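Asks: Let me give you the structure first, and then I'll get to my questions.
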Amino acid sequence: MCLLQGGYMIFDGMHRLITGNYFGGRVGPWADLALAVGLSPGAMAPLFVILGALWLAAGVALLLRKRWSTRLLIAVSVVSLAYLVFGTILSLIALLIVLMPRKRTA
């Protein structure tokens, strides 16, 4: 989940920074949300790269069983809920996985 979400956000943000357009040539429904709060969708590219890197960091931290990894994953998931449709779905799945009660093994 972290690799998919983080990798795509880095790719899409870098694509915008390099070419001037998001991948696919148009923005998703999240752009309407950005405009509603006074942000330019084009100016969001550096934030996508940073947020994508945080997703990847959360995934690596989870694999390494770092104590703070769950908190980081929850934080990036909550922020990414606003990345409407694609990001929202992946964020909800990540939140469900990380917040599910775990079976303890002896």
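Asks: Looking at the range 42-56, which of its residues are touching a residue at least 40 places away in the same chain (Cβ under 8 Å) and hydrophobic (A, V, I, L, M, F, W, C)? Quick ask: steps written out before the conclusion?
Replies: Within the range 42-56, the subset touching a residue at least 40 places away in the same chain (Cβ under 8 Å) is 49, 51-56.
Hits for the range 42-56 are Val49, Leu51, Ala53, Leu54, Trp55, Leu56.
Asks: Is there any pair with a first residue in the range 90-103 that is in contact (Cβ under 8 Å) with a residue 60 or more places away in the chain and at negative phi and a second that is surrounded by 13 or more Cβ atoms within 10 Å (Cβ to Cβ) and assigned to a helix (DSSP H, G or I) whose Cβ atoms are under 7 Å apart and which are 6 or more apart or on different chains, and what are they?
Replies: Partner pairs satisfying both residue conditions: Leu90/Leu4; Leu90/Gln5; Ser91/Ser77; Ser91/Ser80; Ala94/Leu73; Ala94/Ser77.
Asks: Which members of the range 76-87 meet the condition of being surrounded by 13 or more Cβ atoms within 10 Å (Cβ to Cβ) and without any contact (Cβ under 8 Å) to a residue 24 or more places away in the chain? Full working, then the answer.
Replies: Here is the first cut: in the range 76-87, the residues surrounded by 13 or more Cβ atoms within 10 Å (Cβ to Cβ) are 76-77, 79-84, 86-87.
Answer for the range 76-87, where residues must be surrounded by 13 or more Cβ atoms within 10 Å (Cβ to Cβ) and without any contact (Cβ under 8 Å) to a residue 24 or more places away in the chain: Ser77, Leu81.
Asks: Here's something else I'd like to know. In this structure, does Ile18 turn out to be crowded, with 17+ Cβ neighbours inside 10 Å and hydrophobic (A, V, I, L, M, F, W, C)?
Replies: no
Only the coordinates and a few stated rules stand behind these numbers; no lab work does. For clarity, every value in this text was computed on a predicted model and none was experimentally measured. Glycine also receives a Cβ, built like all others from the backbone with ideal geometry; neighbour counts cover every protein chain displayed.
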